[in-house]
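Chemist: Quick one: structure below, then a few questions.
The values are calculated or read from the model by the stated rules, or taken from the named source; none is laboratory data. Note that the structure is a prediction, hence the values are computed from the model and not measured. Because the Cβ atoms are built from the backbone with ideal geometry, glycine has one as well, and the counts that use them run over all protein chains shown. For accessibility, only protein heavy atoms count, side chains too; no ligands or nucleic acids. Shrake-Rupley method; radii C 1.70, N 1.55, O 1.52, S 1.80 Å.
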Amino acid sequence: MKHKKGIHFEVSERKILLRIVDLSMVFLSIYCLDLFFDFEYIQFSQDNTVALILLGVYITIFGTVFELYDLQKASKLDTTFRNIVITTSTVVLFYLLTPVLSPYLPEERIQIVYFFMAIIISILLWRLVYINLIESPRFYKRVLLVGEVSNIDGLIKALDTSDPNYKIVGFINSEVSTSESVKFKGLKEFIAKDFLEIIERERISEVLVASFNTESIIAEVYHDLMLLMERGFKIREYTQVYEELLYRVPIQFVGKDFYKYFPFSRSNENKLYIFFQRAFDIIIAILGLITGLLLLPLLLIGNALGNRGPIFYSQERVGRNSKPFRILKLRTMVINAEKDGVKWAQKDDKRVTAFGRFLRRSRLDEIPQFFNVLKGDMSIIGPRPERPFFVNELSRIIPFYETRHIIKPGLTGWAQVNTRYGSSIDDSLTKLQYDLYYIKHRSIFLDFSITIKTLSTILYYRGQ
């Protein structure tokens with residue numbers, strides 16, 4: 001079988017492509033300004049090497065903060081344009097405020113406007129090409145799903161919203177077929193005996209195997225999978241793809257072989273990593289508490305006007321190794337909010353006061369927890385600490401829930417920056433998937449990514 005695979009870009013390749021071409025287009029626009037116009041603010045020359053590198057660093061950092069490299073958002077023109085304008089405005093502002101490294105202000109201030117517009121137009125032109133070319137069907141990764149019918153629906157729903165270029169075009173039932181045909185919206189079922197023909201006819205780039213029990217795969221499907229593998233065709237297992245695309249551990253698909261899915265990060269026992277993490281915790285906690293003290297007069301006024309009563313409150317939470325501790329927060333709910341019993345916090349919860357809603361959205365209610373970080377009860381980054389009542393309830397329903405307590409809870413974390421506030425069992429399951437992904441892949445680079453995403457959450461006012 002001769003099979004010609006379609007051209008497609010992996011997630012990491014697209015992110016790198018966006019960054020490289022963004023910078024290339026910006027530098028090209030500066031070169032063109034210097035070449036065709038009387039532009040003196042920054043010229044594309046060896047003398048301006050430091051200034052050009054600084055510009056590239058600013059674009060990379062603020063582009064990440066303002067989600068220019070979020071693939072879901074990068075596939076939409078309206079969102080992309082908004083993020084380009086916000087990113088460029090911030091880049092130019094910081095560039096003007098660092099004249100030691102960047103060029104001094106030009107005598108003709110209009111050149112700053114040229115500089116600003118050149119960055120916006122250059123990146124926007126490239127993003128239009130990206131959306132209409134790279135995001136077009138010709139670059140989709142066409143995937144054939146092979147698995148048990150009972151798994152397919154949940155898997156499709158999860159992967160469908162992860163990567164706009166990852167397209168599952170159909171599935172083959174790996175078990176013995178039943179008389180009833182199972183239909184999934186927008187997904188075609190292929191006949192097992194036509195497996196190899198389907199690969200060629202549908203221009204399949206990858207086969208995704210989603211089966212709890214490989215022993216249940218029928219002989220003809222197993223034979224074709226072996227044949228494809230021997231010919232170098234790409235065959236992957238669903239939990240691997242699930243983690244790669246969604247950055248979550250699919251615990252709902254993990255059976256008795258759970259130990260295969262949790263080779264926890266070496267960083268959890270790495271003394272050097274733990275030392276630097278603790279040093280980072282202490283430095284950020286001190287800065288956070290100083291910021292809190294500076295904001296305290298404004299917080300007291302806001303509390304008196306829209307949140308009458310004590311400004312602080314403490315609550316018992318479950319920490320590392322399931323050890324309870326008292327968490328300190330700014331009060332955002334009415335006094336005696338749980339007089340009728342413990343309840344999940346809901347979106348637009350009526351118990352949240354007017355000022356409390358602002359504190360939550362801006363994440364200012366978390367400031368007192370820097371004291372918990374200094375004490376060592378919490379870290380800056382880690383799973384969100386839950387209350388004992390919910391831990392007891394959720395650990396009975398959700399498998400591996402207590403596993404999130406093997407590290408310190410955090411002020412922010414992978415789950416907090418990737419999903420909404422947990423207000424149901426399903427939300428808690430999703431958060432646990434993110435928490436376990438963090439514990440499994442914990443590293444300096446992931447911590448840095450969480451820090452950047454936390455800044456995005458605060459700046460876009462997404463707290464809840």
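Chemist: Looking at the chain, what % of its DSSP beta bridges pair antiparallel, to the nearest 5?
Modeler: Bridges in the chain are about 30 percent antiparallel.
Chemist: Over the alpha-carbon set of the range 286-438, divide Rg by the Kirkwood Rh and report the Rg/Rh ratio to two decimals.
Modeler: Rg/Rh for the range 286-438 comes to 0.95.
Chemist: Okay, moving on. I need the peptides 32-38, 242-248 ranked by packing, meaning the mean over residues of other C-beta atoms within 10 angstrom, with the highest value on top.
Modeler: Highest mean packing first, the order is 242-248, 32-38.
Chemist: Quick one: if you stick a label point 7 Å off each Cα along the C-beta vector at Phe36 and Leu305, how many nm between them?
Modeler: About 5.1 nm, to one decimal.
Chemist: On the Cα set of the chain, report Rg and Dmax in Å, please.
Modeler: Values for the chain (Cα only, Rg and Dmax): 25.9, 80 Å.
Chemist: Can I ask one more? Could you sort the peptides 188-194, 353-359 by per-residue average Cβ neighbour count (10 Å cutoff), highest mean leading?
Modeler: So the peptides 188-194, 353-359, ranked by packing, come out 353-359, 188-194.
Chemist: Using helices alone, what [θ] at 222 nm do you get for the chain, with -39,500 (n - 2.57) per DSSP H run of 4 or more residues, divided over all residues and rounded to the nearest 500?
Modeler: -16000 deg cm²/dmol
Chemist: Return the whole-Å distance between the Cα centroid of the range 190-232 and the Cα centroid of the range 40-87.
Modeler: If you average the Cα positions of each part, the centres end up 43 Å apart.
Chemist: Describe numerically, in nm with one decimal, the distance between label points set 7 Å from Cα along Cα→Cβ at Ser45 and at Leu293.
Modeler: 4.9 nm
Chemist: Once all Cα-Cα distances of the range 19-135 are split into 10 Å bins that start at 0, what whole-number percent is in each one?
Modeler: 14, 49, 29, 9, 0
Chemist: In Å², and per residue, what accessible area does the range 347-438 have when probed at 1.4 Å with the other protein chains present?
Modeler: Heavy-atom SASA per residue in the range 347-438 reads 38 Å².
Chemist: Kindly write out, for the range 431-437 in residue order, the coupling ³J(HN,Hα) from the Karplus curve 6.51 cos²θ - 1.76 cosθ + 1.60 (θ = phi - 60°), rounded to whole Hz, with x marking Gly and Pro.
Modeler: 4, 5, 4, 5, 4, 5, 4
Chemist: How would you order 293-304, 112-123, 75-86 from highest to lowest mean count of nearby Cβ atoms within 10 Å?
Modeler: Ranked by mean Cβ neighbours within 10 Å, highest first: 112-123, 75-86, 293-304.
Chemist: If you count only protein heavy atoms with a 1.4 Å probe, what accessible area per residue comes out for the range 1-130, rounded to a whole Å²?
Modeler: So the range 1-130 comes to 55 Å² accessible per residue, rounded to a whole number.
Chemist: Within the chain, what whole-number % of the accessible surface is contributed by carbon and sulfur, with the 1.4 Å probe and all protein chains included in the calculation?
Modeler: 61 percent
Chemist: Simple spin-label model, 7 Å along Cα-to-Cβ: Asn392 to Lys193 in nm?
Modeler: If labels sit at Asn392 and Lys193, their model points lie 5.9 nm apart.
Chemist: Given R₀ = 22 Å, FRET efficiency for Arg266-Lys15 by Cβ-Cβ distance, to 0.05?
Modeler: 0.35
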